[in-house]
Amino acid sequence: MSEVSLDMDKLEALSGKVVTDITGAIGVLLSYIGDQSGVYKALETHGPCSASQLATATGLKRALPERVSLF
C-alpha cells in the first residue's frame, strides 16, 4: 500500500467551509420554522416579549418556552 500525504491546511479550510455551510442550512431551516409557526408574525405584532408571551401569542404554549430558553 502506498502512503497518502494529507495537507492539514487544506483539510482545516475544508472543515471550516463545511461547518459554515451546515450553519447556514440550519439558519434557513430555523427561519422557515419560525415563519410557518407564526413566531415572526407574533414578534412583528407584539414586539419584544418573553418566551411565555410569545408562546401564548403563537399557540405554541408547550414547546416554545423550552426551546427559546436553550438560546
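The values are calculated or read from the model by the stated rules, or taken from the named source; none is laboratory data. Note that this is a predicted model, so its numbers are computed, not measured. Don't worry about glycine lacking a Cβ; one is built from the backbone with ideal geometry, like all the others, and counts go over all protein chains shown.
Filtering segment 7-38 to residues that are at pLDDT 90 or above and among the hydrophobic types (A, V, I, L, M, F, W, C) leaves Met8, Leu11, Ala13, Leu14, Val18, Val19, Ile22, Ala25, Ile26, Val28, Leu29.
Every listed requirement among (1) under 19 Å from the mean Cα position of the chain (by Cα); (2) loosely packed, with under 10 Cβ neighbours inside 10 Å is met by Ser37 save one, (2).
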